[in-house]
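Presented below is the structure to which this report refers.
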Amino acid sequence: MKKTLLGATLGALALSIAALPVHQAKADEMGACLITKTDINPFFVKMKEGATAASFAHNVDLSTYAGKIDGDNETQVQAVESCIAAGAKGILIAASDTKAIVPALKKARDAGLLVIALDTPLEPIDSADATFATDNFKAGEMIGKWAASQLGDKADDAKIAFLDLSASAPSVDVLRDQGFMKGFGIDIKDPNKIGDEDDSRIVGHDITSGNEEGGRKAMENLLQRDSGINVVYTINEPAAAGAYEALKSFGLEKNVLIVSVDGGCPGILNVKDGVIGATSQQYPLDMAYKGIEAIANWAKTGEKPENSAGLNFYDTGVNLVTDKPVDGVPSISVEEGMNRCWG
(Lines give C-alpha, C1' and ligand atoms only; values in the text may rest on other atoms or scores of the structure.)
Protein backbone atom coordinates (compact mmCIF):
# COMPACT_ATOMS: atom_id res chain seq x y z
CA MET A 1 0.00 0.00 0.00
CA LYS A 2 1.32 3.41 -0.90
CA LYS A 3 2.16 5.68 1.99
CA THR A 4 -0.12 8.38 0.62
CA LEU A 5 -3.08 6.32 1.80
CA LEU A 6 -4.36 6.22 5.36
CA GLY A 7 -5.95 2.81 4.87
CA ALA A 8 -5.35 -0.78 5.82
CA THR A 9 -2.51 -0.64 8.33
CA LEU A 10 -4.03 2.05 10.54
CA GLY A 11 -7.50 0.62 10.03
CA ALA A 12 -6.38 -2.78 11.26
CA LEU A 13 -4.66 -1.21 14.27
CA ALA A 14 -7.75 0.80 15.17
CA LEU A 15 -10.09 -2.15 14.76
CA SER A 16 -7.95 -4.16 17.16
CA ILE A 17 -8.86 -1.66 19.87
CA ALA A 18 -12.49 -2.63 20.36
CA ALA A 19 -15.12 -0.15 21.48
CA LEU A 20 -15.39 -1.81 24.87
CA PRO A 21 -14.45 -0.77 28.39
CA VAL A 22 -10.70 -0.52 28.89
CA HIS A 23 -11.14 -2.24 32.23
CA GLN A 24 -14.10 -3.03 34.45
CA ALA A 25 -15.11 -0.32 36.90
CA LYS A 26 -15.16 -1.18 40.60
CA ALA A 27 -17.90 0.06 42.87
CA ASP A 28 -15.50 2.13 45.00
CA GLU A 29 -13.68 3.76 42.10
CA MET A 30 -14.53 6.68 39.84
CA GLY A 31 -15.69 5.85 36.32
CA ALA A 32 -15.63 7.96 33.17
CA CYS A 33 -16.61 7.39 29.56
CA LEU A 34 -15.09 8.38 26.25
CA ILE A 35 -17.48 8.33 23.28
CA THR A 36 -15.98 8.98 19.84
CA LYS A 37 -17.45 9.15 16.35
CA THR A 38 -15.66 5.98 15.22
CA ASP A 39 -12.84 3.78 16.45
CA ILE A 40 -11.30 3.46 12.96
CA ASN A 41 -10.30 7.05 12.18
CA PRO A 42 -6.72 7.52 13.47
CA PHE A 43 -7.74 10.85 15.01
CA PHE A 44 -10.05 9.09 17.44
CA VAL A 45 -7.55 6.31 18.04
CA LYS A 46 -5.15 8.98 19.27
CA MET A 47 -7.90 10.57 21.37
CA LYS A 48 -8.48 7.19 22.99
CA GLU A 49 -4.75 6.92 23.74
CA GLY A 50 -4.83 10.26 25.54
CA ALA A 51 -7.88 9.37 27.61
CA THR A 52 -6.41 5.98 28.49
CA ALA A 53 -3.10 7.49 29.62
CA ALA A 54 -4.90 10.06 31.78
CA SER A 55 -7.16 7.41 33.30
CA PHE A 56 -4.16 5.48 34.60
CA ALA A 57 -2.47 8.66 35.82
CA HIS A 58 -5.57 9.78 37.75
CA ASN A 59 -6.97 6.41 38.87
CA VAL A 60 -10.06 6.62 36.68
CA ASP A 61 -11.88 3.56 35.34
CA LEU A 62 -12.36 4.42 31.67
CA SER A 63 -14.97 2.89 29.38
CA THR A 64 -14.78 3.70 25.66
CA TYR A 65 -17.46 3.61 23.00
CA ALA A 66 -17.74 4.66 19.36
CA GLY A 67 -20.23 4.97 16.55
CA LYS A 68 -20.12 2.48 13.69
CA ILE A 69 -19.46 5.30 11.20
CA ASP A 70 -19.11 9.05 11.42
CA GLY A 71 -22.68 10.30 11.77
CA ASP A 72 -23.95 7.34 13.81
CA ASN A 73 -25.92 9.18 16.49
CA GLU A 74 -27.99 6.18 17.61
CA THR A 75 -24.96 4.22 18.84
CA GLN A 76 -23.66 7.27 20.66
CA VAL A 77 -27.02 7.73 22.40
CA GLN A 78 -26.86 4.11 23.54
CA ALA A 79 -23.34 4.73 24.86
CA VAL A 80 -24.53 7.74 26.88
CA GLU A 81 -27.30 5.61 28.40
CA SER A 82 -24.75 2.92 29.29
CA CYS A 83 -22.56 5.50 31.02
CA ILE A 84 -25.48 6.79 33.09
CA ALA A 85 -26.49 3.27 34.07
CA ALA A 86 -22.90 2.42 35.07
CA GLY A 87 -22.75 5.38 37.47
CA ALA A 88 -19.93 7.18 35.68
CA LYS A 89 -18.86 10.57 36.99
CA GLY A 90 -18.35 12.11 33.58
CA ILE A 91 -18.52 11.73 29.82
CA LEU A 92 -16.12 12.91 27.13
CA ILE A 93 -17.84 12.94 23.74
CA ALA A 94 -16.94 13.78 20.17
CA ALA A 95 -20.50 14.01 18.90
CA SER A 96 -21.49 12.70 15.47
CA ASP A 97 -24.68 14.75 15.43
CA THR A 98 -24.21 17.84 17.56
CA LYS A 99 -27.93 18.57 17.80
CA ALA A 100 -29.52 15.14 18.00
CA ILE A 101 -27.26 14.00 20.87
CA VAL A 102 -28.28 16.89 23.14
CA PRO A 103 -31.36 15.26 24.77
CA ALA A 104 -29.32 12.20 25.76
CA LEU A 105 -26.59 14.36 27.23
CA LYS A 106 -29.18 16.42 29.14
CA LYS A 107 -30.26 13.18 30.81
CA ALA A 108 -26.64 12.54 31.73
CA ARG A 109 -26.19 15.99 33.23
CA ASP A 110 -29.51 15.71 35.07
CA ALA A 111 -28.18 12.45 36.52
CA GLY A 112 -25.15 14.30 37.88
CA LEU A 113 -22.53 13.48 35.23
CA LEU A 114 -20.06 16.09 33.99
CA VAL A 115 -20.28 16.27 30.20
CA ILE A 116 -17.30 17.54 28.19
CA ALA A 117 -17.47 17.85 24.40
CA LEU A 118 -14.22 17.03 22.61
CA ASP A 119 -13.25 18.52 19.24
CA THR A 120 -16.84 19.10 18.10
CA PRO A 121 -18.92 21.72 19.97
CA LEU A 122 -22.52 20.80 20.69
CA GLU A 123 -25.42 22.90 19.39
CA PRO A 124 -25.95 24.92 21.49
CA ILE A 125 -22.45 24.82 22.93
CA ASP A 126 -23.70 25.11 26.51
CA SER A 127 -25.38 21.70 26.16
CA ALA A 128 -22.06 20.47 27.58
CA ASP A 129 -20.49 21.59 30.84
CA ALA A 130 -17.30 22.35 28.90
CA THR A 131 -15.79 21.97 25.45
CA PHE A 132 -12.14 21.07 24.82
CA ALA A 133 -11.44 21.67 21.15
CA THR A 134 -9.39 23.07 18.37
CA ASP A 135 -10.51 26.49 17.20
CA ASN A 136 -11.99 24.83 14.12
CA PHE A 137 -12.95 28.07 12.39
CA LYS A 138 -9.37 29.27 12.77
CA ALA A 139 -8.07 25.92 11.47
CA GLY A 140 -10.15 26.32 8.32
CA GLU A 141 -9.25 29.98 7.95
CA MET A 142 -5.53 29.18 8.07
CA ILE A 143 -5.67 26.69 5.20
CA GLY A 144 -7.94 29.06 3.24
CA LYS A 145 -5.47 31.93 3.56
CA TRP A 146 -2.58 29.66 2.68
CA ALA A 147 -4.30 28.31 -0.43
CA ALA A 148 -5.23 31.80 -1.65
CA SER A 149 -1.65 32.98 -1.12
CA GLN A 150 -0.28 29.99 -3.02
CA LEU A 151 -2.48 30.77 -6.01
CA GLY A 152 -1.81 34.52 -5.95
CA ASP A 153 -3.66 36.31 -8.74
CA LYS A 154 -5.03 32.98 -9.95
CA ALA A 155 -7.17 32.74 -6.79
CA ASP A 156 -9.73 34.98 -8.48
CA ASP A 157 -10.36 32.26 -11.07
CA ALA A 158 -10.08 29.22 -8.82
CA LYS A 159 -12.42 26.26 -9.12
CA ILE A 160 -12.95 24.90 -5.64
CA ALA A 161 -14.35 21.57 -4.47
CA PHE A 162 -15.54 21.23 -0.86
CA LEU A 163 -15.31 17.76 0.65
CA ASP A 164 -17.34 18.09 3.84
CA LEU A 165 -18.21 15.60 6.56
CA SER A 166 -21.87 14.58 6.67
CA ALA A 167 -25.37 15.58 5.70
CA SER A 168 -26.16 16.54 9.29
CA ALA A 169 -23.40 19.20 9.10
CA PRO A 170 -22.15 18.99 12.71
CA SER A 171 -20.52 22.10 14.11
CA VAL A 172 -16.96 20.97 13.37
CA ASP A 173 -17.96 20.51 9.72
CA VAL A 174 -19.50 23.96 9.46
CA LEU A 175 -16.68 25.73 11.31
CA ARG A 176 -13.88 24.31 9.18
CA ASP A 177 -15.78 24.77 5.92
CA GLN A 178 -16.77 28.35 6.66
CA GLY A 179 -13.34 29.18 8.07
CA PHE A 180 -11.71 28.06 4.83
CA MET A 181 -14.06 30.26 2.83
CA LYS A 182 -13.31 33.31 4.91
CA GLY A 183 -9.58 32.69 4.62
CA PHE A 184 -9.83 32.24 0.87
CA GLY A 185 -11.86 35.42 0.45
CA ILE A 186 -15.33 34.00 -0.16
CA ASP A 187 -18.45 35.69 1.21
CA ILE A 188 -19.75 33.04 3.61
CA LYS A 189 -23.25 34.50 3.96
CA ASP A 190 -24.68 32.69 7.00
CA PRO A 191 -21.60 31.45 8.91
CA ASN A 192 -23.68 28.71 10.53
CA LYS A 193 -24.74 27.11 7.24
CA ILE A 194 -22.91 25.16 4.54
CA GLY A 195 -23.90 25.69 0.93
CA ASP A 196 -25.69 29.05 0.90
CA GLU A 197 -22.77 30.86 -0.78
CA ASP A 198 -23.07 32.19 -4.32
CA ASP A 199 -19.39 32.62 -5.21
CA SER A 200 -18.87 31.41 -8.79
CA ARG A 201 -15.57 29.78 -7.83
CA ILE A 202 -17.36 27.08 -5.83
CA VAL A 203 -17.89 23.99 -7.97
CA GLY A 204 -19.85 22.29 -5.23
CA HIS A 205 -19.98 20.42 -1.94
CA ASP A 206 -20.10 16.69 -1.29
CA ILE A 207 -19.87 14.60 1.87
CA THR A 208 -17.19 12.07 2.76
CA SER A 209 -18.11 10.59 6.17
CA GLY A 210 -14.57 11.62 7.09
CA ASN A 211 -12.96 8.57 5.47
CA GLU A 212 -10.82 7.73 2.46
CA GLU A 213 -13.47 5.96 0.44
CA GLY A 214 -15.90 8.81 1.02
CA GLY A 215 -13.25 11.30 -0.11
CA ARG A 216 -12.67 9.36 -3.30
CA LYS A 217 -16.36 9.14 -4.18
CA ALA A 218 -17.01 12.80 -3.34
CA MET A 219 -14.09 13.89 -5.51
CA GLU A 220 -15.31 11.78 -8.41
CA ASN A 221 -18.78 13.29 -8.09
CA LEU A 222 -17.48 16.84 -8.16
CA LEU A 223 -15.13 16.15 -11.07
CA GLN A 224 -18.19 15.15 -13.06
CA ARG A 225 -19.47 18.68 -12.55
CA ASP A 226 -16.19 20.32 -13.51
CA SER A 227 -12.95 18.56 -14.44
CA GLY A 228 -11.12 21.87 -14.10
CA ILE A 229 -11.18 21.86 -10.28
CA ASN A 230 -7.83 23.16 -9.03
CA VAL A 231 -8.42 23.62 -5.27
CA VAL A 232 -9.82 20.98 -2.92
CA TYR A 233 -10.81 21.69 0.68
CA THR A 234 -11.20 18.54 2.77
CA ILE A 235 -12.71 18.12 6.23
CA ASN A 236 -9.83 15.84 7.26
CA GLU A 237 -6.82 13.96 5.97
CA PRO A 238 -8.45 10.57 5.27
CA ALA A 239 -10.86 12.43 2.96
CA ALA A 240 -7.87 14.23 1.41
CA ALA A 241 -6.12 10.92 0.71
CA GLY A 242 -9.22 9.63 -1.05
CA ALA A 243 -9.56 12.82 -3.07
CA TYR A 244 -5.95 12.52 -4.18
CA GLU A 245 -6.45 8.95 -5.39
CA ALA A 246 -9.52 10.00 -7.39
CA LEU A 247 -7.60 12.87 -8.98
CA LYS A 248 -4.68 10.57 -9.71
CA SER A 249 -6.94 8.07 -11.47
CA PHE A 250 -7.80 10.84 -13.95
CA GLY A 251 -4.24 12.12 -14.24
CA LEU A 252 -5.18 15.39 -12.54
CA GLU A 253 -3.27 15.17 -9.26
CA LYS A 254 -0.50 17.55 -10.34
CA ASN A 255 -2.96 20.30 -11.24
CA VAL A 256 -4.82 20.49 -7.93
CA LEU A 257 -3.98 22.04 -4.55
CA ILE A 258 -5.39 20.00 -1.65
CA VAL A 259 -5.67 21.41 1.87
CA SER A 260 -6.97 19.75 4.99
CA VAL A 261 -7.33 19.73 8.77
CA ASP A 262 -6.11 17.20 11.35
CA GLY A 263 -2.32 16.94 11.44
CA GLY A 264 -1.94 13.23 12.15
CA CYS A 265 1.39 11.59 11.34
CA PRO A 266 0.09 9.93 8.13
CA GLY A 267 -1.37 13.27 7.04
CA ILE A 268 1.89 15.08 7.72
CA LEU A 269 3.69 12.49 5.58
CA ASN A 270 1.19 13.34 2.85
CA VAL A 271 2.20 16.99 3.18
CA LYS A 272 5.85 15.94 2.88
CA ASP A 273 5.08 13.93 -0.25
CA GLY A 274 3.05 16.72 -1.87
CA VAL A 275 -0.29 14.94 -1.67
CA ILE A 276 -1.59 17.66 0.66
CA GLY A 277 -0.24 21.20 0.32
CA ALA A 278 -0.90 22.25 3.91
CA THR A 279 -2.90 21.02 6.87
CA SER A 280 -4.00 22.54 10.16
CA GLN A 281 -2.71 20.38 12.98
CA GLN A 282 -4.79 19.79 16.08
CA TYR A 283 -4.04 17.84 19.23
CA PRO A 284 -6.65 15.16 20.11
CA LEU A 285 -4.44 13.30 22.58
CA ASP A 286 -4.14 16.48 24.61
CA MET A 287 -7.89 17.15 24.35
CA ALA A 288 -8.77 13.78 25.81
CA TYR A 289 -6.01 13.77 28.43
CA LYS A 290 -7.11 17.16 29.74
CA GLY A 291 -10.73 16.02 29.60
CA ILE A 292 -10.10 13.08 31.92
CA GLU A 293 -8.09 15.36 34.21
CA ALA A 294 -11.06 17.73 34.34
CA ILE A 295 -13.49 14.94 35.24
CA ALA A 296 -11.17 13.69 37.97
CA ASN A 297 -10.76 17.20 39.38
CA TRP A 298 -14.51 17.87 39.25
CA ALA A 299 -15.23 14.63 41.09
CA LYS A 300 -12.84 15.66 43.88
CA THR A 301 -13.52 19.41 44.12
CA GLY A 302 -16.79 20.15 42.30
CA GLU A 303 -14.95 22.67 40.09
CA LYS A 304 -15.83 22.71 36.41
CA PRO A 305 -13.13 23.53 33.82
CA GLU A 306 -12.83 27.15 32.66
CA ASN A 307 -12.84 28.41 29.08
CA SER A 308 -9.86 30.01 27.40
CA ALA A 309 -9.81 33.80 27.66
CA GLY A 310 -12.27 35.43 25.26
CA LEU A 311 -13.67 32.10 24.02
CA ASN A 312 -16.67 29.94 24.92
CA PHE A 313 -14.52 26.77 24.96
CA TYR A 314 -11.08 25.57 26.09
CA ASP A 315 -8.75 26.00 23.10
CA THR A 316 -6.30 23.10 22.74
CA GLY A 317 -4.35 24.81 19.96
CA VAL A 318 -3.79 24.59 16.20
CA ASN A 319 -0.80 25.03 13.86
CA LEU A 320 -0.55 25.19 10.08
CA VAL A 321 1.90 22.59 8.80
CA THR A 322 3.62 23.09 5.45
CA ASP A 323 7.06 23.31 3.88
CA LYS A 324 5.82 26.11 1.65
CA PRO A 325 5.23 28.98 4.10
CA VAL A 326 3.54 32.20 2.97
CA ASP A 327 3.64 35.71 4.38
CA GLY A 328 0.90 36.52 6.85
CA VAL A 329 0.07 32.91 7.75
CA PRO A 330 2.15 31.54 10.65
CA SER A 331 3.17 27.92 10.10
CA ILE A 332 5.44 25.14 11.30
CA SER A 333 7.54 22.83 9.13
CA VAL A 334 6.75 19.25 8.24
CA GLU A 335 9.60 18.16 10.51
CA GLU A 336 8.10 19.95 13.50
CA GLY A 337 4.65 18.71 12.53
CA MET A 338 5.92 15.12 12.62
CA ASN A 339 7.43 15.70 16.05
CA ARG A 340 4.12 17.06 17.37
CA CYS A 341 1.56 15.05 15.42
CA TRP A 342 -1.58 14.63 17.46
CA GLY A 343 0.28 14.96 20.77
Worksheet item: Taking region 255-269, which residues are closer than 16 Å to residue 147 by Cβ and surrounded by fewer than 24 Cβ atoms within 10 Å (Cβ to Cβ)?
Response: 255, 256, 257
Discussion item. Between a residue in region 54-74 that is within 22 Å of residue 166 (Cβ to Cβ) and any residue that is part of a strand (DSSP E or B), which pairs come within a Cβ distance under 6 Å, given they are 6 or more apart or on different chains?
Written reply: 64/34; 65/35; 66/36
Worksheet, complete the sentence: From the option list 9, 52, 64, 75, single residue qualifying as within 21 Å of the chain's Cα centre (by Cα) and modelled with pLDDT under 95 is 9
Item to complete: Those residues that are buried (at least 17 other Cβ atoms within 10 Å of the Cβ), among the polar types (S, T, N, Q) and closer than 22 Å to residue 149 by Cα, I need them from region 293-341; list them, please.
Response: 319, 322, 331
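Taking the condition of being outside any helix (DSSP H, G or I) and within 13 Å of residue 161 (Cβ to Cβ), how many residues in region 200-228 meet it?
The initial filter retains those residues of region 200-228 that are outside any helix (DSSP H, G or I), namely 200-211, 226-228.
Those still in the list that are within 13 Å of residue 161 (Cβ to Cβ) too: 201-208, 226-228.
Of the residues in region 200-228, 11 are outside any helix (DSSP H, G or I) and within 13 Å of residue 161 (Cβ to Cβ).
Every residue, every condition in (1) on the phi < 0 side of the Ramachandran plot; (2) touching a helix residue (DSSP H, G or I) at 6+ places or on another chain (Cβ under 6 Å); (3) not aliphatic (A, V, I, L, M), yes or no:
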| position | (1), (2), (3) |
| --- | --- |
| 160 | yes, no, no |
| 163 | yes, yes, no |
| 168 | yes, no, yes |
| 172 | yes, yes, no |
| 175 | yes, yes, no |
| 181 | yes, no, no |
| 184 | yes, yes, yes |
| 193 | yes, no, yes |
Worksheet item: Which of (1) surrounded by fewer than 24 Cβ atoms within 10 Å (Cβ to Cβ); (2) closer than 23 Å to residue 174 by Cα; (3) aliphatic (A, V, I, L, M) is the odd one out, the single condition residue 288 does not satisfy?
Response: (1)
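Restricting to region 180-219, what's the tally of residues that are touching a strand residue (DSSP E or B) at 6+ places or on another chain (Cβ under 9 Å) and either free of Cβ contacts under 8 Å to residues at least 60 places away in the same chain or of a type in the set (D, E, K, R) (or both)?
Of the residues in that region, 20 qualify.
If I filter region 274-285 down to residues being open to solvent by 10 Å² or more (accessible area, probe 1.4 Å) and closer than 12 Å to residue 340 by Cβ, which single residue comes out as farthest from the chain's Cα centre (by Cα)?
Going residue by residue through region 274-285, those that are open to solvent by 10 Å² or more (accessible area, probe 1.4 Å) are 274, 277, 283, 285.
If we keep only those that are closer than 12 Å to residue 340 by Cβ too, we end up with 283, 285.
On the way: 283: 10, 285: 12 Å.
Result: 285.
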Worksheet item: Can you tell me which residue in region 312-328 is farthest from residue 263 (Cα to Cα), limited to those that are within 21 Å of the chain's Cα centre (by Cα) and in a strand (DSSP E or B)?
Response: 314
Item to complete: Please indicate, with yes or no, whether at least one residue in region 146-165 is crowded, with 24+ Cβ neighbours inside 10 Å, assigned to a helix (DSSP H, G or I) and more than 12 Å from the chain's Cα centre (by Cα).
Response: yes
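The values are calculated or read from the model by the stated rules, or taken from the named source; none is laboratory data. As the structure is a prediction and not an experimental result, all values here were calculated from the model. For neighbour counting, all protein chains shown are included, and Cβ atoms are generated from backbone atoms with ideal geometry for every residue, glycine included. With ligands, DNA and RNA removed, areas are computed over all heavy atoms of the protein, side chains included. Shrake-Rupley method; radii C 1.70, N 1.55, O 1.52, S 1.80 Å.
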